[in-house]
1. Tally up the residues in the stretch B:20-46 that are small (Gly, Ala, Ser) and open to solvent by less than 10 Å² (accessible area, probe 1.4 Å), please.
2. With B:Val127, B:Val116 as the choices, which residue is modelled with pLDDT of 95 or more, within 24 Å of B:Leu88 (Cβ to Cβ) and in contact with a Cys (Cβ under 6 Å, 6 or more places away or on another chain)?
3. Could you look through the stretch A:77-91, keep only residues that are out of contact with any strand residue (DSSP E or B) (no Cβ under 6 Å at 6 or more places or on another chain) and on the phi < 0 side of the Ramachandran plot, and pick out the one that is farthest from the other protein chains (Cβ to nearest Cβ)?
4. For the condition more than 14 Å from A:Pro55 (Cα to Cα), in a strand (DSSP E or B) and open to solvent by less than 60 Å² (accessible area, probe 1.4 Å), what is the one hit in A:Leu170, A:Leu109, A:Leu101, A:Leu74?
5. Six or more apart or on different chains, Cβ atoms under 8 Å: show the pairs whose first residue is in the stretch B:76-93 and closer than 14 Å to A:Ala15 by Cα and whose second is among the β-branched types (Val, Ile, Thr) and part of a strand (DSSP E or B).
6. With at pLDDT 95 or above, surrounded by 16 or more Cβ atoms within 10 Å (Cβ to Cβ) and touching a Cys at 6+ places or on another chain (Cβ under 9 Å) as the only criterion, which of B:Ala49, B:Ala54 stands out?
7. Going residue by residue through the stretch B:132-150, is there one that turns out to be buried (at least 21 other Cβ atoms within 10 Å of the Cβ), modelled with pLDDT of 95 or more and part of a helix (DSSP H, G or I)?
8. For the stretch A:77-93, give me the residue count where each residue is surrounded by 17 or more Cβ atoms within 10 Å (Cβ to Cβ) and either of a type in the set (A, V, I, L, M) or not in a loop (DSSP other than H, G, I, E, B) (or both).
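The values are calculated or read from the model by the stated rules, or taken from the named source; none is laboratory data. No experiment lies behind these values; they were computed from the predicted model shown. Virtual Cβ from ideal backbone geometry, glycine too; neighbours counted across all protein chains shown. Please note that ligands, DNA and RNA were not included when accessible areas were found on the heavy atoms of the full protein model with its side chains. Shrake-Rupley method; radii C 1.70, N 1.55, O 1.52, S 1.80 Å.
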Number of protein chains: 2
Amino acid sequence: MAWTELLREVPDFPAPGVLFRDVLPVMSDPDAWHEVLDGMEALLKATGAEALLAPEARGFLIAAPLADRLTIGLVPVRKPGKLPRPILREAYSLEYGDNQLEIEATVPLAGKRVVVVDDVLATGGTVTACARLAQRLSADVVGYAFLIELKALGGRDKLDLRTAEVMSLLVL
Amino acid sequence: MAWTELLREVPDFPAPGVLFRDVLPVMSDPDAWHEVLDGMEALLKATGAEALLAPEARGFLIAAPLADRLTIGLVPVRKPGKLPRPILREAYSLEYGDNQLEIEATVPLAGKRVVVVDDVLATGGTVTACARLAQRLSADVVGYAFLIELKALGGRDKLDLRTAEVMSLLVL
């Protein structure tokens, strides 16, 4: 079965008016999930990424196997209070509310080519905050990679794409 | 550098009196992280696991690449409100407070050999809740795998080990 057939649409989750794209059923099917990871791996390889940044928590599920396949570092970006200090913090807005994200300030990212990885590109708030955190650590953000890009929400327009590209397996 | 040398100890985090073992610096070093994943992969292979269960969020970082390597399903166990319904929920106590965990009720785990994967075995509350969720979906929990087991906290004694084993890369 193609991985796209395993995607589940959940109306009004996690908030009224939001159509949630549930990628978890894909992860329960090892062959479908390999298809996803193979596709993402090919996209990332072309970027020459030296590290992946992933926002908690679904981003971890995708970025962790990709960092393993590419033998590059994985840097988790977390919600407030989850990481021991010293940390850097960025506030951002997302499709359903405001939030903050943190990164360990000691992560050696200076001068490294970094790609931000998440499951879905919606309004772009989460990955923009990730990119800002990477830039504050003097990383070179060269791309944003997603399983699914939700075109109507315009997230792509909010990303700084002068020196970075957007890669999506599926555009809806 | 051996992966154990990259572990960072953080006193009084996330609560007073807790000595936090930070595994994130290991993930920033691809060779050290491969060493960890190679060791975990060997442990898991011997169990004949057909799916991995991982609690949010650090568990995802470890279980996701292992499920990819073993070509088996990955089932995320999440904090309340993160998963669309229908869900199953379990309450549990942990080293620093009480919590609840949820699993998607539609995950096809019946009759499957399942291993619960997390970064650290402390008091055992989190992984016991994961195991109960798997059992409620009629899975056969055959093991618990950790990077680090904190012996003094006695988590091993709380797990039902009549038909499951504990696997830890490092016992402290």
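1. Filtering the stretch B:20-46 for residues small (Gly, Ala, Ser) gives B:28, B:32, B:39, B:42, B:46.
Cutting the leftovers down to open to solvent by less than 10 Å² (accessible area, probe 1.4 Å) gives us B:32.
Residues that pass the stated criteria total 1.
2. On the way: B:Val127 fails: in contact with a Cys (Cβ under 6 Å, 6 or more places away or on another chain).
On inspection, the qualifying residue turns out to be B:Val116.
3. A:Pro86
4. Numbers: A:Leu109 fails: in a strand (DSSP E or B); A:Leu101 fails: more than 14 Å from A:Pro55 (Cα to Cα); A:Leu74 fails: more than 14 Å from A:Pro55 (Cα to Cα).
Result of the check over A:Leu170, A:Leu109, A:Leu101, A:Leu74: A:Leu170.
5. Close Cβ pairs (under 8 Å, with a partner that is among the β-branched types (Val, Ile, Thr) and part of a strand (DSSP E or B)) amount to B:Leu83/B:Ile103; B:Pro84/A:Val10.
6. B:Ala54
7. Taking every residue of the stretch B:132-150 in turn, at least one turns out to be buried (at least 21 other Cβ atoms within 10 Å of the Cβ), modelled with pLDDT of 95 or more and part of a helix (DSSP H, G or I).
8. Result for the stretch A:77-93: 7.
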